[in-house]
Amino acid sequence: MAPIIRMVGLTKRFGGFTAVDRLDLEVEEGEILGLLGPNGAGKTTTILMLATVLKPTEGTVYIGPYDVTKEADKARRLVGVAFQEPKLLWVDSPWSVLNWHAKVCGLPSGERRRRIRWVLEELGIWDVRFKSAHSLSGGTRKRVEVAKILVQRPKIAIFDEPTAQVDVVGKHKIWGMIRELRDEGSTIILATNELHEADVLSQRIAIMHRGKLLVCDEPRRLKDSIPGGDVVEVSFEGGVPEMVTEELRRIPTVVEVSAARQNQVKIYLNRAEEALPRIAELLLRLGLQAKSMRVSEPSLDDVFAHYTGLTIEEAQRR
Amino acid sequence: MRALLAVVERDFRYFLRYRWWIAGMVSMNLADLFIMALVYARMTNPDVVVDYFVFFAPGLTVTAAFAAAFMIGREVNMELRREVTHYMLSLPIERWKLAAGRVISGGIRGVAYVAPLLATTLAITNAYTGRLPTPPELLTVLAVLSSLCLGTSGLSIALALSTKSFEKYVTARSVVYYALFFCSTVFYPLSLVERVFPPLAIPARLNPVSCGADLSRALLLGWAEPTPFMLVDVLLYALVFGLLAASSYARTTRK
């Protein structure tokens, strides 16, 4: 299947500062792509170029068959963006914001009202639909911003930090609605610096740092790409015999084995799920009784740290 | 076309939200007319202006139309500062339609604002001259005021999109206000400008605000013959600044 979004050497400079640096990335139709990176990574600038709000300095993006540098009006018809900062004027109410947005997007009156009602009820903001924006909480304003796109249901839906300031229940609701939108055939781009959000929603994650694309792959494969990223902790009834560590090191996916305590070993390995049967088999063969086994996999923060040498918090601070 | 109408409707809806403020502004305009102009009427030399009160009434209508149409710029500048412009530019609507919608809504705001003042002016000029404009004359006055409002709306949008700084915008707005009103025939006739400030006579003659005011006076009071130049000048003003606003919207995407 041809990609619905194709970024080719996409670059944006503001004076001497390069916000997005030669981005080459393709997004398949119907997938959820997470754009992960700290603040200042270039996610929002990339989104603004996809939405034809900013013109690329170099390179281009193809939205469907349309080159945004040449056919911006046509490209824009396929895209809807829920911005990081809610774009509301203070005199607006959620209802008027959504009604106007839907009207500009060409939704007929009956359908418009039906969709707005459904989205407002689903997001739990039906009761405040006629209140002006300045009296709404940050989380509610964010929901209204997300609601615009859920009402519009564009072919390509872009969400920039869709659940920032939203409570846990609201987060899960929004995630569910984004998945539904994808299931209906929309392609989703999710820009976030929230690792868990990227992990649970995205089929692929593109990690950006300082305007560059570092890596793009499925979350599982990104985690597996860290050598020794999985950790298996085995606790024994008694002490840990010397030969166990030697034998464990012989298992192909094991990278390192260390004795954490007198009766415990920590095994650093790749693809723990494949190695676990072999570890169990080894312990059985050696006649050792394990008291407990605990498996932990790397987080996306570990993935980010692996590719940048920084945790996402450190990168944020810089 | 539906999207363009939606843009117009939104801006006009925002305008109506300020209805009490608008009512206050109209009252102040009327106070200008009934206090200031009446006082000035007793102070001015009748050889220069026969009756300043009647002279000023059509000028005030033009001033008010200009000020009301300029309001759209304040909102566009606020949108620029709050990055609501990003949202507007991301909408599935052609840029020219977005720009045209905003310019037209600014124009409609001006016309709506000026309606009570125009009615007052008609009452005053009727009381003074005993005549009412014919329907074509009235339509011409409305067309001139509408064109002036459209041009002003375009000018204010172009100005608003030129800077993110509110201070710079307000300063530029004041400069435009003072330049256009000072070098105009809104407050004093062209003959006075030619006599007292000769270098300003040509700008005052070309100024669309002057043309709007003089054309209104000609048609409502019958004090002078309306000239095609006045109409063309105001129409050109609307066209040039309408296009400037559209190109300013297009330019914001190239930053």
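Placing unit charges on the Cβ atoms only, positive for Lys and Arg and negative for Asp and Glu, gives the range A:227-297 a dipole magnitude near 100 debye about its Cα centre.
Karplus-based coupling profile of the range A:116-127, in residue order and whole Hz: 4, 4, 4, 5, 4, 5, 4, 8, x, 10, 4, 5, with θ = phi - 60° in 6.51 cos²θ - 1.76 cosθ + 1.60 and x standing for Gly or Pro.
For A:L214, the residues whose modelled amide H falls within less than 5 Å of its own, excluding neighbours fewer than 5 places apart on the same chain, are A:I207, A:M208, A:H209. Of the trypsin sites (Lys or Arg not before Pro) found in the range A:206-253, the ones in coil according to DSSP and having at most 14 other Cβ atoms within 10 Å of their Cβ are A:R250. Among residues other than A:L25 with Cβ under 13 Å from its Cβ, the summed charge is -1 (Lys and Arg +1, Asp and Glu -1). Over all orientations, chain A has a Cα convex hull whose mean projected area works out to 20.1 square nanometres.
Translational diffusion coefficient of the range A:227-297 (Stokes-Einstein, Kirkwood radius from Cα pairs, 10 °C, 1.306 mPa s): 135 µm²/s.
According to the calculation over all Cα-Cα pairs in the range B:1-147, the P(r) per 5 Å bin from zero is 2, 9, 15, 18, 16, 13, 10, 7, 5, 3, 2, 0 %.
Measuring how big the range A:202-266 is from its alpha-carbon positions, Rg and Dmax come out at 17.0, 52 Å.
Applied to the range B:100-114, the Karplus parametrisation 6.51 cos²θ - 1.76 cosθ + 1.60 on θ = phi - 60° returns per-residue 3J(HN,Hα) values of 4, x, 6, 5, 5, 5, x, x, 5, 4, x, 5, 5, 5, 7 Hz, with x for Gly and Pro. Distance distribution P(r), the range A:1-113, all Cα-Cα pairs, bin width 10 angstrom from 0: 12, 38, 33, 16, 2 percent. Indicate the gyration tensor shape class of the protein assembly as shown (rounded, prolate or oblate), computed on the Cα atoms with a ≥ b ≥ c the square roots of the eigenvalues: a/c under 1.5 is rounded; otherwise a/b larger than b/c is prolate and the rest oblate. Note, shape of the protein assembly as shown comes out prolate. Projected onto its three principal axes, the C-alpha set of the range B:127-232 covers 50, 33, 26 Å, listed from the longest axis down. Once divided by 2.2 N^0.38 Å, the Cα radius of gyration of the range B:204-247 becomes 1.27. Loop-located chymotrypsin sites (Phe, Trp or Tyr not before Pro) in the range B:151-196 (DSSP state other than H, G, I, E, B) with a sparse environment of at most 15 neighbouring Cβ atoms within 10 Å are absent. Which of the chymotrypsin sites (Phe, Trp or Tyr not before Pro) across the range A:99-145 are loop residues per DSSP, with 14 or fewer other Cβ within 10 Å? The qualifying sites are A:F130.
Peptide B:78-86: average number of partner chain Cβ atoms within 10 Å per residue?
4
Three semi-axes describe the equivalent ellipsoid of the range A:104-261; taken as square roots of 5 times the Cα gyration tensor eigenvalues and ordered largest first, they are 46, 18, 14 Å.
In a reduced charge model with +1 at each Lys and Arg Cβ and -1 at each Asp and Glu Cβ, the range A:5-223 shows a dipole moment near 500 debye about its Cα centre. Compared with the dominant Cα axis of chain A, that is its longest principal axis, helix A:272-285 is turned about 20°. Give the order of A:H172, A:H209 when sorted by the count of other beta carbons within 10 angstrom, beginning with the fewest. With the fewest neighbours first, A:H172, A:H209 line up as A:H172, A:H209.
Summing +1 for each Lys or Arg and -1 for each Asp or Glu among the other residues whose beta-carbon sits under 12 angstrom from that of A:C216 gives -3.
Each Lys and Arg adds +1 at its Cβ and each Asp and Glu adds -1 at its Cβ; summed about the Cα centre, the range B:24-122 shows a dipole of about 340 debye.
Rounded to the nearest Hz, the phi-derived 3J(HN,Hα) couplings of the range A:203-213 under the Karplus curve 6.51 cos²θ - 1.76 cosθ + 1.60 (θ = phi - 60°) are 7, 9, 10, 9, 9, 10, 8, 6, x, 9, 8, where x marks glycine and proline. Local charge for B:G222 was computed over the other residues whose Cβ lies under 13 Å away, with Lys and Arg +1 and Asp and Glu -1, and equals -1. Working note: Debye formula, equal point scatterers on the alpha-carbon atoms of the range A:77-118, no solvent; log10 I(q)/I(0) at q = 0.29, 0.34 Å⁻¹ is -1.13, -1.19.
The ranking of B:M71, B:M43, B:M25, A:M49 by Cβ neighbour count inside 10 Å, starting from the fewest, reads B:M43, B:M25, B:M71, A:M49. Taking all Cα pairs closer than 8 Å and separated by 6 or more residues, the relative contact order of chain B comes to 26 percent. Projecting the Cα atoms of B:L122, B:Y87, A:P154 onto the dipole axis of the protein assembly as shown, where Lys and Arg carry +1 and Asp and Glu carry -1 at the beta carbon, places B:L122 farthest toward the positive end. The angle separating the long axis of helix B:166-182 from the principal Cα axis of greatest extent in chain B is about 30 degrees.
Taking only the C-alpha atoms of chain B, the Rg (one decimal) and the largest Cα-Cα distance, Dmax (whole number), read 18.5, 59 Å.
Read the figures in this text as sums done on the coordinates, not as results from a lab. The shown structure was predicted, so the numbers you read here are calculated from the model rather than taken from an experiment. Note that each Cβ is placed from the backbone with ideal geometry, even for glycine, and that neighbours are counted across all protein chains shown.
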